[in-house]
Amino acid sequence: MTKPTATPTTVSTPMFATRTFRDAGTGASFEKGAQVNAKEGVIANYAAAGLVTETRSEASAADAA
Amino acid sequence: MTAMTAAGTKIGISAATPATNDKAGYAALTYTNIGKVEQIGAFGSTQEVVNFQPLDGPLEKYKGPSNSGAIQPSLAHDDEDAGQTLLRTAADDKSSKLYPIQVTYPNGAKRHFGGRVFGYPETAGAANSMLMANPSIEISTEIFKTAAS
């Protein structure tokens, strides 16, 4: 069986919150524009949801959904 | 496994794609828990009944294709919840991407599967009720079961 390679153990490059949000699993919460530090897999989920972006300026300019 | 209440059960969603379509592949992913879940509901594989009525005997029933079913969790709508936001993203996704889902029971046992979110209806009920959402997640893979360790 092929060993899965998706184990997200590394810490991702910091990203920035496009809106204020909260993670029910970790209990972490972030204000809009705040730097978000988390493991790679966590950041990937946030990014897919549109909650974080790579630059602070983009985060500040983003409209809340 | 001893009997237990459902209190403490968690459901999470991931945007990643498992490296392998099996228990290990799904378990390796990182899930973002969905907040404000009131209930998850029933889920599990069932098999279609294929009937055959012979001329000279009782109706015979055979096992047909399996169906892993669907869940419609009941959530108190929360714009700021990351898991709910990812669930809404999955609902808005026009592609047929499978989103991995993880259900964790209070004793640590887990259920993993891939699902597509076919809708995210919101319910504004009476003044003395919460603004709710009932996303419809169709399970499109086998349900991989992991016992509590």
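Every number in this text was worked out from the coordinates using simple rules, so none of it is lab data. In this text, all values refer to a predicted model and were calculated from it rather than measured experimentally. Neighbour counts run over all protein chains shown; Cβ positions are idealised from the backbone, glycine included.
In table form, for the structure just shown:
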read-out	value
Neighbour-count order for B:VAL117, B:VAL49, fewest beta carbons within 10 angstrom listed first	B:VAL49, B:VAL117
Summed residue charge, Cβ within 11 Å of A:ALA47's Cβ, Lys/Arg positive, Asp/Glu negative	-2
Cα-only Debye scattering, region B:10-146: base-10 log of I(q)/I(0) at q = 0.13, 0.15, 0.16, 0.17 Å⁻¹	-0.60, -0.75, -0.82, -0.90
Computed FRET value (nearest 0.05) for B:PHE52 with B:SER129, which takes r as the C-beta separation and R₀ as 45 Å	0.40
Spin-label zone in region B:102-116 - amide nitrogen under 18 Å from a point set 7 Å from the Cα of A:LYS39 along the C-beta vector	B:102-105, B:108-113
Pairwise centroid distance, computed over Cα atoms, of region B:66-85 with region B:2-29, Å	14
Kirkwood hydrodynamic radius of the protein assembly as shown, from inverse mean 1/r over distinct Cα pairs, in Å	18.8
